There are 2 protein chains.
Amino acid sequence: MTSNQTEIQQRRGDIAARLEELKADALLISSSANVRYLSGFSGSNGFVVLTATETHFFTDPRYDIEARTNISAKVHVVKGSITPKILEVAKRKKLKRIGFESSWTRFDEYTRMKDGLPLGFSLVPVGRIIEERRMLKSANEIEQIRRSVLLNSEAFARSLKRIRPGVRELDVAGEIEFQMKKLGAEKPAFETIIAAGAHSALPHAHPTGHKLSANELLLIDMGASLGGYCSDMTRVIHLGAPPKKLRELYNAVLEAQLAGVNAVRAGITAGRVDQVVRSVMKKHKLDKAFVHSTGHGLGLEIHETPRLGRMDQTILQAGMAITIEPGAYIDGWAGIRIEDTVLVTTNGCEVLTPTSKEFVTL
Amino acid sequence: MTSNQTEIQQRRGDIAARLEELKADALLISSSANVRYLSGFSGSNGFVVLTATETHFFTDPRYDIEARTNISAKVHVVKGSITPKILEVAKRKKLKRIGFESSWTRFDEYTRMKDGLPLGFSLVPVGRIIEERRMLKSANEIEQIRRSVLLNSEAFARSLKRIRPGVRELDVAGEIEFQMKKLGAEKPAFETIIAAGAHSALPHAHPTGHKLSANELLLIDMGASLGGYCSDMTRVIHLGAPPKKLRELYNAVLEAQLAGVNAVRAGITAGRVDQVVRSVMKKHKLDKAFVHSTGHGLGLEIHETPRLGRMDQTILQAGMAITIEPGAYIDGWAGIRIEDTVLVTTNGCEVLTPTSKEFVTL
C-alpha cells in the first residue's frame, strides 16, 4: 500500500468515525473532489459509499480498468444509471440512514434517490463535512501544493520571455499553459486570465485577440494542477516603464498584499485577514475599487473553504493553504492584483510563491 | 442591438411563453450555460430571472462593468449572497411561483431559497426546459460550432508536425492547446486526452509524462471552445506502420463510425443511431469492447442532450449538433476511437469535422 493509500484510509476512518454524530449509517459521496479525496479516483463519474466498516466505489464501464486496478474498495462497475445500484447496496447492507452531500447534490438527483428509497430508509443532509476536513492539508498534500506552486512560477518565468508588443493576450495564455504542460502539469487549474491595458480592470477577463502594445499593463492570473493539486498566482507586468500613477496604484495594492500576508497566522479568523487588507486599501482610498474578497483556500479544487471575506469566521489553522490576492480596479484605466499562495503556520505563514512581487518592466 | 442580442430576445420570448404551462410566474436561471444562453454573460456568477415581460440579471461586483455594458436586462450588482436579492425582487414584483432549474440547483441552495420565501410564495421545479431548447441550434450557433470545429481540426493538423518518438503525452497536449489558443480559441472545451500505446485502452486517460516510442499508437481526443461553442474530435495515429491486427481493429471502428454517420437524420431516435453503431461493433465481436455511448449533443457545453445511448428516445431534428464516436478498448493492448462532430439535417447529416479518418501513420 502506497503512502497515499494509507492517507486515504485515514481520511475514511476520520469521516466514518463521525457517522454516529451525523445520525447516518453511511455517507454517499458524489462531488468529484471529495470522491478523489476518499478514493484517489480522478475520473468524472465516481461515487463513494462509506459505512462504519466498508468503502464501496461505483463508476461506469469507461473506468472499469482504472477502478479495479487503483481503487482500494469494493468496486461496482455499473452500466447506465448508478443511483439504483447504490440504493441496492444500501438495501442489502441495511444502511437505512444515508447521508448525502447536500451542498453538492442537485435537487432532481435528491428527488430521484428519495423516490427510489425502500420503505424505512431516509436521506440525511450532511452539508460540507468533507470540505471541512479538506481545509487542513497533510504533509503530503502540502508537498503537492508546493510543487504545483513552484511549477506555476517556473511556467510564468519561462513565458515572460515571449511577452512583447504585438503578441496577443491569447498567445500569452497559450504559451503559459503550454509551459505548464511541458513542466508536467495535468492542466491549468482554471482558465488563465490575461488582461492588457484597461481590460485588466475586469477582475475575471478572458484573454482576447487584443495585441499588446508598448507601454501597456498586463495582468496575469494563472494556476496549475499537478497531481490533482492547484496553485494560484497573479502578477502584473508592464511593457516599458510604467507611468507614475500606475506605479502608485501598484504600490498601494502591494502594501495591502504584504499586510495581508503579515496578518496570516493560526488562531485568527479569515475575516480578520480580509479586514487588515481592506483597511490598507481604504487608507489609499481604494476600498471601493477592491471588489472581491482577499483570498480563498485551495487544494484539490482551486476554490476551497475558507473564503477570506469580510464575514468569514473560520479560524485559520496551521496546514491551511490559502491565497492572498487584493486587487484594485479602475474602470477604463487599469486593474492591479497581486496574489500569492501561502501556507498557514503556527506563528504566521510561509509564502509558497517564489516569484518576485516587484513591478516587472519588460 | 446586435444580431446576437436579437437572438437572445427570441430565446427569452420562447421561454417566457412557456411560463403559464409551467405554472410559474418567473424562472430563475442559475446554470452558467443557460445564463449565457439567455443573457450573453460568460462569467462565473450570474443569475437570470425571467418573467412574462421582464428580464433581471444578478451578479457580483467583479462583473459590474461587464454586466452594465453588455447585458440587456435590469442589472442588479449584489455584494455578498445573491439569493436574498433575488427573493426581494420576486417579492416586490409579486412573482409568487418561482420556477427553478431542478436538474441544476443544489439541495442546500434549494433549501436556503425555500426557507427565505415570503408566505404564499413557492418554488416550482422545471427540470431541463432550457437545455431542451438548446438542443436545436440557430443558424448563428451552427456557424459558431462550425468555426470551432474547423479551428480544432487546424490545431490538430499543426500539432501533428511535433509528434515523434521521445515527445511526451503531456507535450502533445500542451502543443495542441497552444495551437488552439494561437488560432483564437478561448480554451480547450475539455481536458485534452492524449493516450499512447496500451494507455489508449482507458477511454478517458489523462496525459502523462510517458514518452512516445517508435511503433506506438496515439489516441488524441480534443475540442476547442470558440465564442463559447465547443467542438469535439478523436483521431488515432500511429508512429510507424501499424501492425495488421491494429489496422483491423481500426477498420472495424471506422466501419461502425461511418455506419453511425450514415444513420443520422432528422426523424430517427438517438437510440437508433447507437443501435446501428453497436450492431457493426457486434459483427466484429467488439460489442463488449465498446464501453460507452455513441455520442452526445454539444454546443455551449461539451456534453449536451441528446445522449446517443441505447435508451435515448430523443428524436433527432435538423439543427442538432452531435458527436459520433464509437470506440473499442482492449485492456493491456490498445484503444481506438474515431469521432466527428456532425450536424443533423432533414435528409441525413453534415460531417462538420474536415480531418481525414484514414489511419494516419507518422
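The values are calculated or read from the model by the stated rules, or taken from the named source; none is laboratory data. These figures come from a predicted structure and were not determined experimentally. Positions of Cβ are generated from backbone atoms using ideal geometry, with glycine treated the same way; all protein chains shown enter the neighbour counts. We work out accessible area using only protein heavy atoms, side chains counted, and drop any ligands, DNA or RNA first. Shrake-Rupley method; radii C 1.70, N 1.55, O 1.52, S 1.80 Å.
The C-alpha atoms of chain A define a longest principal axis, and helix A:139-160 lies at about 40 degrees to it. Taking chain B as a Gaussian network of alpha-carbon nodes connected by springs under 10 Å, the highest mean-square fluctuation of the residues B:Gly332, B:Gly348, B:Gly299 belongs to B:Gly332. Counting only residues at least eight positions apart within a chain, or on another chain, the lysines with an alpha carbon under 20 Å from that of A:Lys182 are A:Lys161, B:Lys161, B:Lys181, B:Lys182, B:Lys187, B:Lys211. Here the relative contact order of the range A:3-134, from alpha carbon pairs under 8 Å that lie six or more residues apart, stands at 23 percent. Calculate, for A:Leu136 and B:Gln5, the FRET efficiency according to 1/(1 + (r/R0)^6) with r their C-beta to C-beta distance and R0 56 Å; round to the nearest 0.05. Result of the calculation: an efficiency of 0.70.
How many partner chain Cβ atoms sit within 10 Å of a residue's Cβ in peptide B:180-191, on average, as a whole number? Walk me through the numbers before you get to the answer.
Numbers: counts 3, 14, 7, 2, 4, 4, 6, 10, 4, 0, 2, 5.
For this peptide, the per-residue mean of nearby foreign Cβ atoms is 5.
When all alpha carbon pairs of the range A:127-218 are counted in 5 Å bins from zero, the resulting P(r) reads 3, 13, 19, 18, 16, 12, 9, 6, 4, 1, 0 %.
Accessible area buried by the pairing of B and A, both sides summed with a 1.4 Å probe, works out to roughly 3900 Å².
Report, for the range A:3-134, the % of DSSP beta bridges that are antiparallel, rounded to 5. Mind dumping the intermediate values first?
Numbers: 9 of 20 bridges.
Among the beta bridges of the range A:3-134, antiparallel pairing accounts for roughly 45 percent.
Using a probe of 1.4 angstrom and keeping all protein chains present, the accessible surface of the protein assembly as shown works out to 40 square angstrom per residue.
Return the carbon/sulfur percentage of the accessible area of the range B:3-134, one whole number, probe 1.4 Å, all protein chains in place. Mind showing how you got there, number by number?
Numbers: 2850 of 5880 Å².
Heavy-atom surface of the range B:3-134 belonging to carbon and sulfur, 1.4 Å probe: 49 percent.
Can you bin the range B:1-120 into rounded, prolate or oblate? Criterion: square roots of the alpha carbon gyration tensor eigenvalues sorted a ≥ b ≥ c, rounded for a/c under 1.5, prolate for a/b above b/c, oblate for the rest. Note, shape of the range B:1-120 comes out oblate.
Given just the C-alpha atoms of the protein assembly as shown, how large is their convex hull per residue in cubic angstrom? Mind dumping the intermediate values first?
Working: hull volume 116.1 nm³, N = 724.
That works out to 160 Å³ per residue.
Averaging the sequence gap over all C-alpha pairs within less than 8 Å and six or more residues apart, then dividing by the number of residues, gives chain A a relative contact order of 14 percent. For B:Gly184, the distances from its label point to the matching points in the remaining copies are 3.8 nm, ordered from shortest, with each point set 7 Å beyond Cα toward Cβ.
Nearest 5 percent is fine: what portion of the DSSP beta bridges confined to chain B is antiparallel? Before the final figure, lay out each step's value.
Details: 40 of 53 bridges.
If I count the DSSP bridges inside chain B, around 75 percent turn out antiparallel.
For helix A:270-283, what angle does its Cα long axis make with the longest principal axis of chain A, in degrees from 0 to 90 and rounded to 10? The helix A:270-283 is inclined about 20 degrees to chain A. Nearest beta carbon of chain B to the B-to-A rotation axis, with distance in whole angstrom: B:Phe178, 2. Our note on the geometry: Cα centres of the range A:190-237 and the range B:235-272, 40 Å apart. Given +1 at the Cβ of Lys and Arg, -1 at the Cβ of Asp and Glu and no other charges, the dipole of the range A:139-361 around its Cα centre is 640 debye to the nearest 20.
Heavy-atom accessible area, probed at 1.4 angstrom with all protein chains present, ranks A:Lys282, A:Lys181, A:Lys85, B:Lys79 as B:Lys79, A:Lys282, A:Lys85, A:Lys181, highest first. Keeping the other protein chains in place, figure out the carbon and sulfur percent of the accessible area of the range A:139-361, with a 1.4 Å probe. Carbon with sulfur: 53 percent of the solvent-accessible area.
Using C-alpha pairs below 8 Å separated by at least 6 residues, the relative contact order for the range A:197-254 is 29 percent. For the options B:Ser122, B:Ser159, B:Ser200, a Gaussian network treatment of chain B with springs between C-alpha atoms closer than 10 Å singles out B:Ser122 as fluctuating the most.
At 7 angstrom along the Cα-to-beta-carbon line, where would the label on A:Lys161 sit relative to the other copies? Give the distances in nm, shortest first. Spacings between copies for this position, smallest first, are 2.0 nm. Separation of the range A:277-320 and the range B:49-70, taken as the distance between their Cα centroids, equals 25 angstrom.
Positive-end ranking of A:Tyr250, A:Cys349, A:Ala270 along the dipole of the range A:139-361, with charges on Cβ about the Cα centre, is headed by A:Tyr250. Remark on A:Phe190: its backbone amide H falls under 5 Å from those of A:Gly223, a criterion applied only to residues 5 or more positions apart or on other chains, H modelled at 1.01 Å from N. Where both bridge residues fall in the protein assembly as shown, DSSP classifies roughly 75% of the beta bridges as antiparallel. Determine which lysines satisfy two conditions relative to A:Lys114: a Cα distance under 26 Å, and not lying fewer than 8 residues away in the same chain. Result set, ordered by chain and number: A:Lys23, A:Lys74, A:Lys79, A:Lys85, A:Lys91, A:Lys93, A:Lys94, A:Lys96, B:Lys23, B:Lys114. Interface burial in the range A:105-133, defined as at least 40 Å² less accessible area with all protein chains than with the chain alone at a 1.4 Å probe, covers A:Arg106, A:Phe107, A:Asp108.
Taking each pair of different alpha-carbon atoms in the range B:82-191 once, compute 1/r for the pair, average those values, and report the inverse of that mean as the Kirkwood hydrodynamic radius in Å to one decimal.
Details: mean 1/r = 0.0550 Å⁻¹.
It works out to 18.2 Å.
Within the range A:195-233, the residues that become at least 50 Å² less accessible when every protein chain is included than when their own chain is isolated (1.4 Å probe; DNA, RNA and ligands ignored) are A:Leu202, A:His204, A:His206. A simple spin-label model places pseudo-atoms 7 Å from Cα toward Cβ; at B:Arg265 and B:Ala241 they are separated by 4.1 nm. Accessible area ranking (1.4 Å probe, heavy atoms, ligands and nucleic acids excluded), largest first, for B:Lys93, A:Lys244: A:Lys244, B:Lys93. Kirkwood analysis of chain B, using all unique Cα-Cα pairs, places the hydrodynamic radius at 22.1 Å. Inter-copy label distances at A:Arg68, using a point 7 Å along Cα-to-Cβ, come to 6.1 nm with the shortest given first. For chain A, the longest stretch holding no GluC sites (Glu not before Pro) located in a DSSP loop with at most 13 other Cβ atoms within 10 Å is which? Answer from the scan: A:22-357.
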